[in-house]
Every structure is written in C-alpha cells, then in structure tokens.
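Data first, discussion second: the structure below is written as structure tokens.
Coordinate-derived values only; no laboratory data. Computed from a predicted structure; not experimentally measured. With ideal geometry, Cβ positions are generated from the backbone for all residues, glycine too; neighbour counts draw on all protein chains shown.
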Amino acid sequence: MNRLAKIMAGTFLAGAGAAHAADLEVTHWWTSGGEAAAVSEFAKAFTENTDHNWVDGAIAGSGGTARPIIISRIIGGDPMGATQLNHGRQAEELIEAGLLTDLTELAEKEGWKDVVNPSSLLDACTYEGRIYCVPVNIHSWQWIWLSHDAYETAGLDVPADWNEFVASAPKLQEAGIVPLAMGQQSWQQNGAFGVLAIAIAGVDAWRKVVVDRDADAAMGPEYQKVFEAIVTARELAADSNVQDWNQATNMVITGKAGAQIMGDWAQGEFQIAEQVAGEDYTCLPGLGINEILDTGGDAFYFPVIDDPAVQEAQMALASTLISPDVQVAFNLKKGSLPVRGDVDLSAANDCMQKGLDILKAGGILPSGEMNLTPDTQTQIEDLMAEFWSTDMSAGDAQERYADIIRSSE
Amino acid sequence: MSDLSSINTSERKQAQRPVSLFRNLSAKIASIPMILTALVVFVGGTAWTVVHSFTSSKLLPKTNFVGFEQYERLWTTRRWLVSLENLALYGILSLVFTLVIGFTLAALLDRKIRGENVFRTIFLYPFALSFIVTGLAWQWILNPDLGIQHVVRSLGWESFTFNPLNDPDIVMYGILIAGLWQGTGLIMVIMLAGLRGIDEDIWKAARVDGIGTVKTYVVVIIPMMRPVFVTALVLIASGIIKLYDLVVALTNGGPGIASEVPAKYVIQYMFRAQNLGQGFAASTMMLVSVAIILIPWAYLEFGGRKRG
C-alpha cells in the first residue's frame, strides 16, 4: 500500500509540474534550407521567452502532403498544439465543426486589428466575426527571378519585364541556356498561370474570374491572351525537366536557366547561395508589367485541446508569433514580408524593399487560396498538369478552364 | 468473395436443426470478433461510403443529398477517364504477361535443372520488396541520365533512346515493367507448386503415348492446374485494382496526368481537394467495376459446384 501511495504521489507531482510548462507540438511543412532556418526563429523565441517548450513536428513534403496529415489528425481526435496552414478556405469546415480555438479575446487585448497590415490577412482568419488564426507572413506569387549570369553568357541586358524576357529567349537558347526554369509539379505550373493571368489580363479581368467566378469573363479576350502566353511559356520551359521548385530556382542561381516564375519564398534559396539581389539576380514583381502582389501566406491555427496548461501555452505561442521582434527575425530568414506595418525592416534586401513599397502603396490582391476552394484549385491544377505536359491548344485550355470556373462554388 | 461464403454458411445453418446452434459453441464464440469486423468494417464501411457518395460532402461527411451530381461530374472529368484507360491497359497487359512469364519460368524450373533453389530465390526476391522501393529502384533504372539509356549509350550506341517515364505515350509501359518485375516471382512459385502436384504417372503415360513435352504442358498439364490458375488470377487481379503506390513512387501520375490511376484520383479528391463526395463516388465506381468482373466469375466457379 505504502509503495502504491508513493507512486501515486509521484505521478501527481509530475502531473502538477507539467501544468506550468507545457510541451506544445507544432506541425508545419517548412523543411527546405531557408524555411527551416526561419522556423527555428519561432522555436527559439517561444522556448526562451515563455515557460513552455516547442516540440517540432515538421512534416516533409509540400503543403499538399502535409495538409491531409494535419487535417486527419485534427478530425481524428489526435490534435497537435498548433499547426501551420495557409489561411483561406482550407480551415473553414474545421471552424464550423468547432475544432479550432477562438483567439478573439487575445486579438482584442493585443490590438491585432490595428497592427496587421494589410487588414485582409486578419479577415482571412475571421469566420463569422471571430478570429481563429494568427497570420505570420505575407507571401506573394507575382515574381520572376532573372539570372545575371545567364544574360551575361548570352551577351544581353537583363530584361525589365515579361515581354522583353520573351523577346530575349531565342538568344538565350542559342547560348545553350534554358529560357524558363519550371518544376514539373502541378502547383508550380498552376502558380505560373496565376501570375501570368494577373500580369497580362489585368486586375479587373482577374477579379471577375477568380473573385466573382464569372465564366464569361474567363472566356473573354483578356484571358485569351493569358492562355496564349502560357503556350509561349510552355515552349520556353520545354527543356526544363526538374521536379521540385528549389531545383528550378537552382537552375537560375547557377545560370543554367534565364528565369523562373516563383513566389517570394525563392528568395530564401538565393540568400543561402549567398547571392545579392541586383548584382547576381534581379527580381521583378508582377513580371514588371503590373506591380501588384497577392497576399497569401501562412497562418497558425490552434486546435481545441481540453487541458488548461496547453491552452495557456497556445495563447503564449499566438502572442509570440505576432510580436514585433519575432516577426522581423522570422521574415528576414524566410524572405517573406511581415504581417505588421509597424516594424523596422531596414535590414531587408532589395527585393523585399520592393515588396514592402508595393504593400505600402496598396497594390494588393487577395490570394487565389482565399477565393477558390481546394476542390476548384485541384481541378485547375489537374488541367494545368495536363496542359504543360501535352500540346493542348490555348483555346481548348481556356474552354476547360471556363467550365471549371462555371461549376465552382 | 466473403459475401458468398457467408451465404453458404447461412444456408447450411438453416438446413440443419436449431440445436446445432450450440454445437462447437466455443469455436463460434471465438469467431464473433471476426464476424463483427467483417460486418461493421467491410460491409458497414462500404454502405456508408456508397450512401455518402450521393451527398455534397466536402471536408467533413454530411448528409445533404444531391443525387447523381458527383457521378455526373466524375464521368466528365478528363483525369478520371485517363485513369480508367490506364488501369485497363495496365490490367490486361499485366494479367497476360504475369501468367505467361510466371508459367514459363515455373515450367523451366520444373525440368529438374541444376541450382533450382538459387533461381527460385532470385525470381522470388523482388516480391519481398515493397512497391515504394520497387518504384524508386526502377525510377533510377529508367532514368535517362543514370540507367539503361545511359549504359547503352556509353557502350557506343549514341542515338539509343529509352526514356519511358518522361514520355506520356509510353509511361504506362514503364510502370508495367516494374510491376512485372515485382509480381511474376510469386506467380512463378505458385505455378511451380501446382506443377509439383501433378502425378509423375501422368508424365509417364504421356511419354508412353509419344506426346511431346510442350504439347503435354498445353493439352494435359495446364487443364489439370485449373485451381492454381484461379488462385493466381485472383492474386493478380487484386494487385491490379489496388495499383497506387507503384505509380506514386515511379511517376506520381506524371508526366502531366498521363499515368494517373483510379486509386490515386480517390485519394487526391478525398484528402487534397477536400471533396469527400467526389472521392466516394470514384471509389464506389471502383467497387462496381470489381463487382462486374467478380460476380459472373464467382457464379460460374461456385454456383456450378454446389449443384454438382
């Protein structure tokens, strides 16, 4: 009896001790070099500034691999302490089912509404007036990265926009350089399509198609030009047979390819390769045509867990993620823009400064993820996968794209 | 299959007197968990899936019925049609080649050759590897910069081209090669066991009658091995329907959507696209196609025997 009592007392004490310092498992899919360096800033700040511990739950593979794992864990009753998701419509149903923690109280106390810029980021976290996630960075797709090395080899000046780039392509090919690096994965092909749509069709036509889901606009002359442009892009990328996006970025870094259309996360790879913006590579927001950025990005959600210690840790983490110092440290490593308008980013490089200026000038759009359901996105990705690997004509692709837009919700 | 055997037992139960319910009681109690698993997990799960395929469930299962809408969308989706074409092509070729190669290898081993154990081990060994490992290994072998094409070119044939995984027209054949490499060993062993079960006297009689070896195989031995062929057929067919991990490891459906298969469509729409209804509709179609093939066959196989 005596021994049993001792064991029980010991267990109780251990349990009581854990109540102060909880281990919080955080899942995310930031595993490439630049990304891992950035996320360790979060872990460091959280472990140092609070009593709690960051337990890293990195899931290898892209968001497409990690998201189903994360969502099945939340639905299946084995929730993690906190998790990365792209904000937007992905978490809508989880919120409806009451599986995610309401952060409104903390947000009001810390005045997130006043500091988060652009405010659309917080709107994407808001469902029926309550806030359910913490935005941590702004990522935009609308960038083209050009290799100075490649253009030097071909004896050309670095182009200033997409049209000049297309005109320079034959010379690059003569010099044995692949004009456009493109990873053979549907999300990258779909991303490039989205970027070309905003740059070439213009913001108004894009809004009609993606935000209002107007199929007639998708069949219109503006979008016809977009589909003609991706036919050109497909020809320019014909000799690029890498898979992952960072392999494609690497082709630009090493001068094997002239350019890549990729979001600003590519920046982290240039940084790790110790390249300098403006000297070794050039970045053109909006392909140099339409200087406007979409404001997608990452956010953290906190599944409901019935344990006061964990709940306390969750709130502490939410508050850490959005605090000014952590925002600066994280985003400098990640190559993304901070979600706060009130932090000092003088340490940021050329490309990030360009992005910040565009944000200040208000050149922002909601991202595709905020407007289209994962279902519609997958259908468009399937179409793009087929388009980029076959010789499907611009007209056929446009018709099938319009069909998808027509049937979307 | 399981349905049929359960029908058999229930019919048998009715035929006997009710007292027999308590005969072998402990054995019956012991089998309750398995019966429950079969009913709840297999039959129940299947019924639940079919019912929800008529709803507009997205991320979470809901019961707002929309009729055949999911099926209409499914049958107008290019990717699903391509998946079915690919499965049919892979299925037919894999069935034919696995049986032919498996039987030929078994017959060769059965000629009492030296080192039979060594050959049997070599042929069976790929079966010990998972599809993922098989897929990765063949991805390297078929890679133009590392594998067969590179080796042949470095031997002097500079213009030799063999790059199935990056060519949409022949990518399924690349997958077929890997699948055959993995699967024929097992079929060979089953065939070999069947051949060993043939009485020596049959061979002696055939020799006395002056029938040639090949003709003996085709006319006498193969018809005698019918049950073995049925087993092999079931094993191969189930492997074809669940073709998924080999494709994921080898090509991940690419280039483009040229090597997509139905199982991959189901997974993609259930989890990635967060559209359960569409995924359930696709998996129900897979079940229906299996049933269309299996029911007539099972009827011929088991229905005939009961009467006889």
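Quick look at the values:
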{"quantity": "Under 5 Å, built H, 5+ apart or other chain: amide partners of A:G258", "calculated": "A:V178, A:L180, A:A181"}
{"quantity": "Proximal lysines relative to B:K242, as straight alpha-carbon distance under 20 Å, when same-chain residues fewer than 8 apart are discounted", "calculated": "B:K264"}
{"quantity": "Selection from A:I289, B:A107, A:S346, by position along the positive dipole direction of the protein assembly as shown (Cβ)", "calculated": "B:A107"}
{"quantity": "Anisotropy class of chain B from Cα gyration tensor, a/c 1.5 cut", "calculated": "oblate"}
{"quantity": "Under 5 Å, built H, 5+ apart or other chain: amide partners of A:A58", "calculated": "A:H28"}
{"quantity": "Set of the range A:251-269 residues, backbone N closer than 18 Å to the point 7 Å along the Cα-Cβ line of B:D145", "calculated": "A:251-260"}
{"quantity": "For chain B: relative contact order, % (alpha-carbon pairs under 8 angstrom, 6 or more apart)", "calculated": "28 percent"}
{"quantity": "Peptide-level mean, for A:95-101, of C-beta atoms on other protein chains within 10 Å", "calculated": "1"}
{"quantity": "Dimensionless Rg/Rh of the range B:206-263 - Kirkwood Rh, Rg from C-alpha atoms", "calculated": "1.35"}
{"quantity": "Violating pairs (Cα-Cα greater than 18 angstrom) within the set A:K334/A:K360; A:K256/A:K354; A:K334/A:K354; A:K225/A:K256; B:K112/B:K204; A:K44/A:K333", "calculated": "A:K334/A:K360; A:K256/A:K354; A:K225/A:K256"}
{"quantity": "Chain B: most fluctuating residue of B:V152, B:V234, B:V82 per GNM, C-alpha cutoff 10 Å", "calculated": "B:V152"}
{"quantity": "Residues B:L180, A:L337 arranged by fewest to most Cβ contacts within 10 Å", "calculated": "B:L180, A:L337"}
{"quantity": "Built amide H within the under 5 Å cut-off of A:I364, gap 5+", "calculated": "A:L293"}
{"quantity": "Phi-based couplings in Hz for the range A:252-260 (Karplus 6.51, -1.76, 1.60; Gly and Pro marked x)", "calculated": "6, 4, 8, x, 7, 10, x, 7, 9"}
{"quantity": "Dipole axis of chain B (+1 Lys, Arg; -1 Asp, Glu on Cβ), positive-most option in B:S31, B:I267, B:P164", "calculated": "B:S31"}
{"quantity": "Calculated [θ] (222 nm, deg cm²/dmol) that DSSP helices of n ≥ 4 give over chain B, each run adding -39,500 (n - 2.57)", "calculated": "-19500 deg cm²/dmol"}
{"quantity": "Footprinting exposure proxy for B:V189, B:V230 (fewest neighbouring C-beta atoms within 10 Å first)", "calculated": "B:V230, B:V189"}
{"quantity": "Computed P(r) (all Cα pairs; chain A; 20 Å bins; percent)", "calculated": "26, 54, 16, 3, 0"}
{"quantity": "Rounded to the nearest 20 debye, dipole of the range B:70-307 from Cβ charges on Lys, Arg, Asp, Glu", "calculated": "580 debye"}
{"quantity": "Estimated vicinal HN-Hα couplings, Hz - the range A:144-158 in sequence order (Karplus 6.51, -1.76, 1.60; Gly, Pro = x)", "calculated": "10, 10, 10, 8, 5, 4, 4, 5, 5, 4, 7, x, 10, 7, 5"}
{"quantity": "3J(HN,Hα) from dihedral phi, the range B:177-190, Karplus parametrisation 6.51/-1.76/1.60, rounded to Hz, x for glycine, proline", "calculated": "4, 4, x, 5, 4, 6, x, 5, x, 5, 4, 4, 5, 5"}
{"quantity": "Selected from B:S94, B:S130, B:S83 as most flexible by GNM, with chain B as the system and alpha-carbon contacts under 10 Å", "calculated": "B:S130"}
{"quantity": "Over chain A: helical MRE at 222 nm, DSSP H runs n ≥ 4 each giving -39500 (n - 2.57), nearest 500", "calculated": "-15500 deg cm²/dmol"}
{"quantity": "Most to least packed among A:163-172, A:70-79 [average Cβ atoms within 10 Å]", "calculated": "A:163-172, A:70-79"}
{"quantity": "For chain A, built as a Gaussian network whose Cα springs stay under 10 Å, the top-fluctuating residue of A:D216, A:D382, A:D306", "calculated": "A:D306"}
{"quantity": "Taking A:E105, A:E93, A:E274 and counting other C-beta atoms within 10 Å, the order from fewest to most", "calculated": "A:E274, A:E105, A:E93"}
